[in-house]
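Asker: I have a structure here, written as structure tokens, and I will follow up with some questions on it.
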Amino acid sequence: MPERNIEFGKYGARGVRGHQAVAHRLDTLAGFVSTSVTVRRGLLARLHYLTRSDRARAAAREAGLTVTDRTLRAWLDGSRNPSRQNLERIETAYRAVRRRNVARHLLARLNRQGRGTRVEFHPLDQSQVDGPRRRAVTYRTLNVRRWDRVVAAWAAADDGALDEAWTNDATVDLGSQWGQYEYITAIGFAA
């Protein structure tokens, strides 16, 4: 869309892109393990999630965790610790597999059999912008009924597709005001 903000934040406005706020909110709803992967408890929780079945192991390998079964057993037993690079791979694989597993359930919750979900758009923070340059952007709510492409792009961790789906499917009902909500402080919805 040609109206997109090219120089966001030039006068001191603060916020994030709408699709990034949605991704963060969906991550919250997905319920990732809150303990860090660097802590033994967090590492074990992720490894158990990734190795609990043959299907989970195949998904972990597909997501980039390509270590031998012997190495996985050593990590689970505590006889060896993964390197920093392997910790990052474990975290990445865990998030990818968790997103893929939760996506179908989350989609059903958000679509609610065609009724959709009420989304709250919190306007961007303009406290640092000079008075004459401030825009009048208010708090806005919208009922989003089409979550299919948004959740699919989120589950695939495809930032570009998520941006396109959020802009073209979800916020299209904002009409001519969609540009005011391209950057926001936060987004809220309860699913």
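Asker: So which residues in region 160-183 are open to solvent by 70 Å² or more (accessible area, probe 1.4 Å) and among the hydroxyl-bearing types (S, T, Y)?
Answerer: Matches in region 160-183: S176 only.
Asker: Across region 166-182, what is the number of residues that are modelled with pLDDT of 85 or more and within 24 Å of G12 (Cα to Cα)?
Answerer: So the answer is 1.
Asker: Name the residue that is surrounded by the most Cβ atoms within 10 Å (Cβ to Cβ), counting only residues in region 53-78 that are at pLDDT below 95 and among the small types (G, A, S).
Answerer: Filtering region 53-78 for residues that are at pLDDT below 95 and among the small types (G, A, S), the one surrounded by the most Cβ atoms within 10 Å (Cβ to Cβ) comes out as A60.
Asker: Could we say that L44 is surrounded by fewer than 17 Cβ atoms within 10 Å (Cβ to Cβ), aliphatic (A, V, I, L, M), touching a residue at least 12 places away in the same chain (Cβ under 8 Å) and farther than 29 Å from A161 by Cβ here?
Answerer: yes
Asker: With respect to A186, is the statement that it is free of Cβ contacts under 8 Å to residues at least 60 places away in the same chain and open to solvent by 30 Å² or more (accessible area, probe 1.4 Å) true?
Answerer: no
Asker: Now a separate question. Within region 128-159, can you find the residues that are touching a residue at least 60 places away in the same chain (Cβ under 8 Å), farther than 29 Å from Y94 by Cα and open to solvent by 20 Å² or more (accessible area, probe 1.4 Å)?
Answerer: Those that are touching a residue at least 60 places away in the same chain (Cβ under 8 Å), farther than 29 Å from Y94 by Cα and open to solvent by 20 Å² or more (accessible area, probe 1.4 Å): Q128, D130, R133.
Asker: Sticking with this structure for a sec: Can you tell me how many residues within region 146-165 are part of a loop (DSSP other than H, G, I, E, B), modelled with pLDDT of 90 or more and either under 17 Å from T117 (Cβ atoms) or in contact with a Phe, Trp or Tyr (Cβ under 9 Å, 6 or more places away or on another chain) (or both)?
Answerer: Final tally of qualifying residues: 1.
Asker: Now for a different question. Limited to region 83-106, what total is found for residues that are open to solvent by 60 Å² or more (accessible area, probe 1.4 Å), over 15 Å from the mean Cα position of the chain (by Cα) and polar (S, T, N, Q)?
Answerer: Looking only at that region, the number is 1.
The values are calculated or read from the model by the stated rules, or taken from the named source; none is laboratory data. These numbers were taken from a predicted model, which means no experiment stands behind them. Note that each Cβ is placed from the backbone with ideal geometry, even for glycine, and that neighbours are counted across all protein chains shown. For accessibility, only protein heavy atoms count, side chains too; no ligands or nucleic acids. Shrake-Rupley method; radii C 1.70, N 1.55, O 1.52, S 1.80 Å.
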